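Data block below; observations after.
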């Protein structure tokens, strides 16, 4: 995400206002992520941005490379530290869960971020990744419009299968999936298990079990 710090630092207000303009989509994403989170424990959000997910979901610690975004996250009550997901400034086995929401498409090395996420987890902890599935209708639309968007043109979208493969490479298993943002009016939607129909997918995996999931 180093290459994108200036972009987010310069456009933090525009980024944050997206959630106000698209409240129905935001609420669906937040509910899907919330269902995947453990009921308790110490959590870290990588790429916590302005705290739009960490604050309402009770994730105590946020890591964010953009100083201006981190400042707003602090005002929302999240303990924010500056840094990059490829090299987390935390010792091994600290957190009960590590969360990323759309962050994976903006980092420089997604596999390294997942490797670091696994490192800082306690035994039995979870990595939870929310992302836009590249194979979805919305993912395809984002790719078509990438050249016209400051944010999309620096993003790399992944399929659910690609995210699952990266999780498995780190020995993360028992992968479960939730999906939302189906085609149609977001105000009339809910959350469903699985993947393949909704644009926003949440993949949750444990750090102590090798997965046998065959996504993608």
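The values are calculated or read from the model by the stated rules, or taken from the named source; none is laboratory data. Remember, predicted model here, so these are calculated numbers, not experimental data. Every residue, glycine as well, gets a Cβ built from its backbone with ideal geometry; the counts of neighbours run over all protein chains shown.
Can we say residue 194 is at negative phi and modelled with pLDDT of 90 or more?
Here the answer is no, as residue 194 does not meet what is asked.
For segment 76-84, does any single residue satisfy the condition of being surrounded by fewer than 15 Cβ atoms within 10 Å (Cβ to Cβ) and modelled with pLDDT under 95?
Checked segment 76-84: no residue is surrounded by fewer than 15 Cβ atoms within 10 Å (Cβ to Cβ) and modelled with pLDDT under 95.
Test residue 130 against the stated conditions and say whether it is within 19 Å of residue 208 (Cα to Cα), modelled with pLDDT of 95 or more and in a strand (DSSP E or B).
Spelling it out, it is not the case that residue 130 is within 19 Å of residue 208 (Cα to Cα), modelled with pLDDT of 95 or more and in a strand (DSSP E or B).
Of all residues in segment 197-215, which are within 19 Å of the chain's Cα centre (by Cα) and either modelled with pLDDT under 50 or not in a loop (DSSP other than H, G, I, E, B) (or both)?
Matches in segment 197-215: 200, 201, 202, 203, 204, 205, 206, 215.
State all residues of segment 113-127 that are surrounded by 16 or more Cβ atoms within 10 Å (Cβ to Cβ) and not in a helix (DSSP H, G or I); if no residue qualifies, say none.
Once the filter is applied, which keeps residues that are surrounded by 16 or more Cβ atoms within 10 Å (Cβ to Cβ) and not in a helix (DSSP H, G or I), segment 113-127 yields 120, 121, 122, 125, 126, 127.
Name the single residue, out of those in segment 16-46 being assigned to a loop (DSSP other than H, G, I, E, B) and touching a strand residue (DSSP E or B) at 6+ places or on another chain (Cβ under 6 Å), that is nearest to residue 116 (Cα to Cα).
Result: 42.
I'd like to know if segment 37-49 contains one or more residues that are in contact with a helix residue (DSSP H, G or I) (Cβ under 9 Å, 6 or more places away or on another chain) and at positive phi.
yes
Please specify each residue of segment 92-102 satisfying the condition of being in contact with a strand residue (DSSP E or B) (Cβ under 8 Å, 6 or more places away or on another chain) and either crowded, with 24+ Cβ neighbours inside 10 Å or at pLDDT 95 or above (or both).
93, 94, 95, 96, 97, 98, 99, 100, 101
For the condition touching a residue at least 60 places away in the same chain (Cβ under 8 Å) and out of contact with any helix residue (DSSP H, G or I) (no Cβ under 7 Å at 6 or more places or on another chain), what is the one hit in 25, 31?
Residue meeting the stated conditions: 31.
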